[in-house]
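Heads up: the structure comes next, in structure tokens.
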Amino acid sequence: MYEKEQDRVQAYLDGKMSRRELLRSMSALGVSAAAASTLIGLGSTRAFAAGFDAMQHQGTALKLLLNKHPYTDALLANLEAFKAMSGMEVTYDIFPEDVYFDKVTAALSSRSSEYDVFMTGAYMTWTYGPAGWITDLNEWIQDGDKTNPNYNWADMLAGLRASTAWNGIPGGALGSADAKQWCIPWGYELNNLSYNRNMFDQAGVSAPTNMGELLEVCAKLSTDVEGVYPIGVRGSRSWATIHPGFLSGYSNFGERDLTVGDDGTLSAAMNTDGSKAFHRDWVKMIQEYGPKNWSTYTWYQVGTDLGAGASAMIFDADILGYFMNGGGNKETGNIAYAPFAANPAADAPTPNVWIWSLSMSNFSQKKDAAWHFMQWATGVEHGLFGAQQMDFVNPVRQAVWDDSTFRARIDETYPGYLHQHDVSAPGAQIYFTAQPLFFDLTTEWAATLQKMVANEVPVDEGLDMLAESVNNQLADAGLG
Amino acid sequence: MRDAFRRRALPYLLSLPALLVCIGILIPFGTAIYYSLQRYRLNLPHLRKMNWGENYLKFLTDSEFWNTLQVSLAYTGLTVGLELLLGLGIALLLQRSTRFNNFVSILLLLPLMTAPALAALMWKLMTNPNFGILSYAASLVGFEDMKWASDPSTALLTVLLVDIWVYTPFMMILLLAGLRSLPRQPFEAAALDGVPRTFVFFRITLPMLTPYIITASLFRLLDSIQQFDIIYAMTQGGPGDTLMVFQVEAYLQFFQATNIGKSAALLLVLWVITFILSNLFVKQWLRLREQAQGAG
């Protein structure tokens, strides 16, 4: 890098220059915007390497298994910087989400050493961990020789660190003292409302703050805004229907999926009176105000309907609303965000979170080198690069959330986004009970929800049947 | 001496590739049987043990299994039956080898060239209540609130439509080939005698075409009872358990629940059903062939 460019990048990284000023000055020096981004990546990566032998794994080749996602785009945009810093070779396979986790399961269950590092969600580690497919990363985090002193593990949001650590005991509290760190948080999403400002203005309503208000606002939207349906939530026959808005609202009433007995046994908790009341509201909301083909809705349909102006709001991942406010969507610039506590008596929202994380394969032959890469990919410097230059939101590090450049950028383009996040973040965590039957039970929960919405079974009866089935499965697995 | 050895070894050498293929098939098959006799979940490795027939015995009292069996058989029966009727009808219409008929028969093959999963996604868009052209068409004839695959009462109909759209051309092309290869003499004699068309169809065409019908139906049956892609892409087996067929259930048990034992047992039950059905078909086909040879 030439000295002038280097000085400008450094000034930008130090916060002395805005991104716009940097790009303008780079342009004057004949550097394109894309090249400027690369230079920023190199500059920030240099900061990561300071005081640490960044070349200790020079010549080692790693292979990553990645899901097609904006986080992956941010990684690839900055990967050359890592290669230059470390002298390592990094290759990767990218799969769309529809088949991604099948590929991970196939690779790990066959004990293949092909992939060293892969993207995962915290829930998946409840399967991968007990199966012995992934490595407890505490060994590396706590090893001063292998971990960069600048890595600053404590800077990672505490709720996310805890949510990705589990002791492997079914029902064991996440983040307990004996927990194993199965993965490192990379980017995360919490669940709140994203809504279309124009449609809300047209109906003369403001963002609802609880479930009762939500149903009232939906009723007003359905009469005052033609050609759209009021609220989008997921509905496919999958565990992914349960974890976003549904569980966030459910948990806000203090309801749980399972209860852990004094003897450590698990039992279903979906058929309490409180749970039944919440389910009744949720089912009514979908039947009266949701999309007609709700039972086929994944995050994709929920998001694109908001972006295309087919729905007035969604109760789903905040980053889904974020992405729908850009990228050439019809409603770009019209999306706003609001925190949502379903329970009117609750002090604050309690969003369940989805955490895209990085895990290390237990079958990797290059674990030290893999950890070297993981430190960089989950470090502050790459986080800042992604947050400032790309769509690497929500960041998992406090240092990135505190970054004025990032906050200014979000505040300018995504009004209300920071507020919904900041209000909700203290209560944001995984509200599921960690246990190996997670996917079986939540998929059955989603199927039951589908039956309730289709009026195939009344809510109370459906939940009693679900609870009975869950208890049988837990007992069969020796957990109940 | 060497010649004698070669002569003796030749049959074995010639059958070696078939033997290797057979072994290649039997190894995973044997493994599946072995797994199906185990309590084997990847996420509960400490519980792994032989439980012999317990996975199968549990099916007897499992309402979900019986639902899966019922849905799989209903889906298979309806798709094969409807595709056979439609395919035969179209083949009869295109029976005469004219330039127009040949062009149309090629055109009708296009859906067969579409990957079923892609066809399912295409139909998913066409049946979208917000902008789907089929939803719009349904609204014009009074079905304003048609929910297609999202509603348990219409979900089966929707996936049947996709299957029929994709696979009817397969039936059509096999039956068309059969129709065009039938000997002309019986038809010419019937025409000379002034035999009514319905009599010709039921007493000459259909019996002579039966081996082709059985072959085409067998191919479709084997494929249909193992249906996965259309149903998974459209509803993942839902709404509820409305479309839960064997392959989807086995897939979910393996990849989502990592319950290898149950998944393998489900697939072996499917194999037994497929084996019985194909045996019935093949025996019927052989019987008809013998009849035809005897008559000849």
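In table form, for the structure just shown:
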| item | result |
| --- | --- |
| Selection within segment A:91-113 - free of Cβ contacts under 8 Å to residues at least 40 places away in the same chain and among the small types (Gly, Ala, Ser) | A:106, A:109, A:110 |
| Test result for residue A:345, in the same structural domain as residue A:104 (by TED's automatic domain parsing) and among the aliphatic types (A, V, I, L, M) | no |
| Complete set of residues in segment A:222-243 that are touching a residue at least 40 places away in the same chain (Cβ under 8 Å) and either not in a loop (DSSP other than H, G, I, E, B) or not assigned by TED's automatic domain parsing to the domain that holds residue A:303 (or both) | A:222, A:229, A:230, A:231, A:232, A:239, A:240, A:241 |
| Qualifying residue in segment B:128-146 (condition: touching a residue at least 60 places away in the same chain (Cβ under 8 Å) and within 11 Å of chain A (Cβ to nearest Cβ)) | no |
| Condition met for residue A:198 (modelled with pLDDT of 95 or more, under 25 Å from residue A:234 (Cα atoms) and outside any helix (DSSP H, G or I)) | no |
| Failed criterion for residue B:45 (all others in (1) of a type outside the set (Lys, Arg); (2) under 27 Å from the mean Cα position of the chain (by Cα); (3) within 21 Å of residue A:109 (Cα to Cα) hold) | (2) |
| Flag if residue A:341 is in contact with a strand residue (DSSP E or B) (Cβ under 9 Å, 6 or more places away or on another chain), crowded, with 20+ Cβ neighbours inside 10 Å and away from chain B (no Cβ under 14 Å) | no |
| Complete set of residues in segment A:354-376 that are among the aromatic types (Phe, Trp, Tyr), over 19 Å from the mean Cα position of the chain (by Cα) and outside any helix (DSSP H, G or I) | A:363 |
| Residue match in segment B:20-27 (condition: part of a helix (DSSP H, G or I), free of Cβ contacts under 8 Å to residues at least 40 places away in the same chain and within 14 Å of chain A (Cβ to nearest Cβ)) | no |
| Residue that is surrounded by the most Cβ atoms within 10 Å (Cβ to Cβ) [pool: residues in segment A:435-460 that are within 7 Å of chain B (Cβ to nearest Cβ) and either touching a strand residue (DSSP E or B) at 6+ places or on another chain (Cβ under 8 Å) or outside any loop (DSSP other than H, G, I, E, B) (or both)] | A:450 |
| Among the residues listed as B:33, B:90, B:25, the single one being exposed (fewer than 12 other Cβ atoms within 10 Å of the Cβ), out of contact with any strand residue (DSSP E or B) (no Cβ under 8 Å at 6 or more places or on another chain) and of a type in the set (A, V, I, L, M, F, W, C) | B:25 |
| All positions within segment B:38-57 that are touching a residue at least 40 places away in the same chain (Cβ under 8 Å), part of a helix (DSSP H, G or I) and within 14 Å of another protein chain (Cβ to nearest Cβ) | B:55 |
| Test result for residue A:206, out of contact with any His (no Cβ under 8 Å at 6 or more places or on another chain), at pLDDT 95 or above and either in a helix (DSSP H, G or I) or not assigned by TED's automatic domain parsing to the domain that holds residue A:464 (or both) | no |
| Count of residues meeting criterion [among the hydrophobic types (A, V, I, L, M, F, W, C) and closer than 22 Å to residue A:127 by Cβ] in segment A:142-169 | 5 |
| Of residues in segment A:366-376 being out of contact with any helix residue (DSSP H, G or I) (no Cβ under 6 Å at 6 or more places or on another chain) and either of a type in the set (Ser, Thr, Tyr) or within 17 Å of residue A:92 (Cβ to Cβ) (or both), the one surrounded by the fewest Cβ atoms within 10 Å (Cβ to Cβ) | A:366 |
| Enumerated helices (runs of 4 or more DSSP H) restricted to segment B:202-255, each holding at least 2 residues that are within 14 Å of chain A (Cβ to nearest Cβ) and crowded, with 19+ Cβ neighbours inside 10 Å | B:229-235, B:246-251 |
| Among (1) of a type outside the set (Asp, Glu); (2) surrounded by fewer than 23 Cβ atoms within 10 Å (Cβ to Cβ); (3) within 14 Å of another protein chain (Cβ to nearest Cβ), the one test that residue A:285 misses | (3) |
| Residue within segment A:327-335 that is within 13 Å of chain B (Cβ to nearest Cβ) and over 21 Å from the mean Cα position of the chain (by Cα) present | yes |
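The values are calculated or read from the model by the stated rules, or taken from the named source; none is laboratory data. Keep in mind the model is a prediction, meaning the values are calculated, not measured. FYI the Cβ positions are ideal-geometry reconstructions off the backbone, even for glycines, and counts take in every protein chain you see.
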